[in-house]
Amino acid sequence: MIKSQTVLGQMIARMADEDDYRRWTAQVERAGHCVRPVRLVGSAMTVNAATGEIEATYASEQEPGGALLVACKDRRESVCPPCAARYRADAWHVFAGGVTPDDGGDQVGHPMVLATFTAPSFGRVHAARDGGVCRAARGGRRGKRTCEHGRPLWCHARHEAADGMVGAPLCEDCADLAGLVLWNASVGELWRRTVIYVYRALAALAPALDGRAVTVRRVREVLRISYAKVAEFQKRGVVHLHVLARLDGVNPDDPEQTIAPPAWADVNLLTAALAHAAARVSVPLPVVDGRAAAVARWGAQLDVRPVQPREVDRARVAGYLAKYATKTVGDSVSGLPSSRPRADELDVDGGGRIPAHVAALTATVRRLARLGACRALRLARHVHTLGFRGHVTSKSRRYSTTFAALREARRAWRRSQRARERDPWAGGDTGLPDDDRAGTVLVGDWRVAGIGYRTLGDRVLAEVLGREHRQAREVLRLGLAE
Ligand SMILES: [Zn+2]
Ligand SMILES: [Zn+2]
Ligand SMILES: [Zn+2]
């Protein structure tokens, strides 16, 4: 990068050569207008597997700047909005796909619910209440108005949602930060056990079959619970799980198939089984700070709503979950970085930018990480997620199509477009020939030259191109809707 050049100068230099600029914009387009693409340097060729003949060659040298731009594919809105938008669209299809599973597109007879599993309380926190006061003083004159540390149990401020105070404990000493972090670290295991408990609950709640009580083994022979879930960080730093859960039947002759469950397995049974399981399941926590042995449980609040196999419900719940799929803990808990920070970044950045309660939480994760009792939780690697160790978005295998299947569908579509254009290089994720075209082998030699655009001018131009692209699509969409 030439430092003395202004951003405008860099943009003008980029556009100076018409051919060069056209090639560069084609690359930016292929990278989906990613704001921090990976720059690859190298070459590749497709070889006919049968004859050994080289069918096509490609070298990044022919690109402007000698590098190939590839989308970063980050799911996080705060890192790369265009790549996050694509991820969100894919997530939408994954979630929506499960509302109409693959048994002839007829979802009638598959009971389905959207359930939100919450965390318990780890101490009272400041809250934003739509212009209302944070926490009214309770109990009047006779009631307890301060905690054992002499701090008020009320707060008459009216907080904005963006207020750094929201989610902070009313009393730092009352707040159970270690409990909160250990809960986050255990929520993945808590969910895994919850699924097992749901099968038990189904057995306990199912009507007798053939006049005999239903066992868990019998339930697993005839019913399957499929789900997709998203973790959402609350302002106070704990995770909630939003789960789309569906009851399927099992075809004994073809277990891979998704069929409707027997009629007695209805939405009421599913709802009751989830509540039954949520109330009973627990995970033992490591014993720390000389505390009594404790377990992680779900909070008392469990929200379960039926989802109908209607297009409007499908779009609504898929959109609702997809929105969370691109969020990070940093989007909810102000002051946290959006990705794994360098070893000491949080401390260095500390100078007042991180709210005190967030700093206290990250310090707690670090402290627990050093304790032998917590070794299995590998907390040192999860400071930036306040102990949470799982994937933000995940699903059971048979819930619906996968992200990989969507990517393959997109590639196939591009292949067909390219075939039509008779230009092997015009499109694709990278502009490279496909490594999976029948009968050919892709041979390549690549290295990463860097992350992000080489100049700020390039980045600004890419953003402008992205905006124009989205506007053009919007115009097209509105035109089609009319
Ligand atoms: Zn990107
Ligand atoms: Zn308050
Ligand atoms: Zn207190």
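Could you give the size of the charge dipole of region 24-126 about its Cα centre, using +1 on the Cβ of each K and R and -1 on the Cβ of each D and E, expressed in debye and rounded to the nearest 20?
720 debye
Look at the dipole of region 156-223 built from charges on Cβ: of Val198, Leu223, Asn184, the Cα furthest out on the positive end belongs to Leu223. Within the shell of other residues whose beta carbon sits under 11 angstrom from the beta carbon of Gly387, the net charge comes to +4, with Lys and Arg scored +1 and Asp and Glu -1.
When the square roots of the Cα gyration tensor eigenvalues are ordered a ≥ b ≥ c, the ratio a/c for region 202-262 is 1.5 or more and a/b does not exceed b/c, which makes its shape oblate. Its residues counted as N, the chain yields a C-alpha radius of gyration over 2.2 N^0.38 Å of 1.16. In a simple Cβ point-charge model (Lys, Arg +1; Asp, Glu -1; nothing else charged), the chain has a dipole of about 2200 debye relative to its Cα centre.
For Ala278, what is the net charge nearby, where nearby means another residue's Cβ is under 13 Å from its Cβ and Lys, Arg count +1, Asp, Glu -1? Local charge sum for Ala278: +3.
Just so you know, all these numbers are worked out from the coordinates, no wet-lab data involved. All figures in this text were calculated on a predicted structure; none of them were measured in a lab. Methodologically, a virtual Cβ is constructed for each residue, glycine included, from the backbone with ideal geometry; neighbour enumeration extends over all protein chains shown.
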